[in-house]
1. How about region 1-53: which trypsin sites (Lys or Arg not before Pro) there lie in a loop by DSSP and see at most 16 other Cβ atoms within 10 Å?
2. If contacts are Cα pairs under 8 angstrom and at least 6 residues apart, what is the relative contact order of the chain in percent?
3. With a 10 Å cut-off between alpha carbons and a GNM built on the chain, which of 145, 159, 124 moves the most?
4. For residue 27, project a label point 7 Å along Cα to C-beta. Then give me every residue of region 35-75 with its amide nitrogen under 18 Å of that point.
5. Gap in Å between the Cα centre of region 171-224 and the Cα centre of region 1-37?
6. If we count GluC sites (Glu not before Pro) as exposed when they sit in a DSSP loop and have at most 16 other beta carbons within 10 Å, what is the longest stretch of the chain that avoids them all?
7. Among 192, 61, 81, which one shows the highest mean-square fluctuation when the chain is modelled as a Gaussian network with alpha-carbon springs under 10 Å?
8. Which residue fluctuates most in the GNM of the chain (Cα springs below 10 Å): 19, 234, 103?
Amino acid sequence: MEVMFLDAAYTGKVKLNQATLDYITKKKYRKIGLYASVQFCNQLAEVEEQLHKLKLELVTSQPDRTHVKGQLLGCDNYHNSLNLNQDVDCYLYVGDGRFHPLALVYLQKDNPQLKEVICNDPISNKMTLMGVKDIETILKKYRGSLIKFLSADIIGVISTIKPGQEQLRPSFQLEKKYPGKKFYYFIDNTVSFDNLENFNFIEVWVNTACPRIGFDDQEKFLLGVINLNDALEAKEILSQDSLFNRQ
């Protein structure tokens, strides 16, 4: 079946509420990393004008797998995917929900100091804040899964056939990186967490599908799960000064 995906642009008015403007001023932030979910990206002109009036410097980028500058994908939670080459004082997200802006928190997980994420919801006209407290419990569990992966002998690798997420061939790097471990590959269209419990010989799982599965769904994996990128650099992650090791 052929599938066509179309952007559904928000038709309401998009601007920053007064609480957001007051908070940015109070915190004395000067360089703002501006991002939005796709339905709000084409209406950021007034937001940019509001920030320029405060004499703030706006910084943004076009992240991987997006088709417009400033668009944020919730499933990409690695800093390199953001393609942002400048440092910022904080991130400002324009949109609704928690899934997308939480990616801006996750992508800073390898840094010892996390920049605040300010969320401005044009629909509810409310401001919320996100920071390390929103992910600290998950990072503790993830760190435990990293340690377990290094000591495990039998690893289950989860692969999907969904376009844009399929990473079966890249996952074969695990066998070269860890020749002493035995890897079993599980391929499906949709990951069924309940079915994974049937394979009780697996000691820990490596996720190659949406990276958010490795973090948001930690509690659904009784044996622990980490993402492919982190599995390939597990020792380095555990040895560096980062949020992983400050919990």
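Quick note: the coordinates plus some simple rules give every number you see, no bench work behind them. It should be emphasised that the depicted structure is a prediction, and the values quoted were computed from it without experimental measurement. Ideal geometry is used to build each Cβ from the backbone, glycine not excepted, and the neighbour counts take in all protein chains shown.
1. Numbers: sites: 13, 15, 26, 27, 28, 30, 31, 53; in loops: 13, 15, 28, 30.
For trypsin sites (Lys or Arg not before Pro) across region 1-53 that sit outside H, G, I, E and B with at most 16 neighbouring Cβ atoms in 10 Å, the list reads 13, 28, 30.
2. Values: 431 pairs, mean separation 43.0, N = 247.
Result for the chain is 17 percent.
3. 124
4. 35-37, 47-48, 50-61, by backbone N distance to the label point.
5. 35 Å
6. Details: sites that count: 2, 166, 197, 233.
Result, exposed sites excluded: 3-165.
7. Highest fluctuation among the options: 192.
8. Highest fluctuation of the listed residues: 19.
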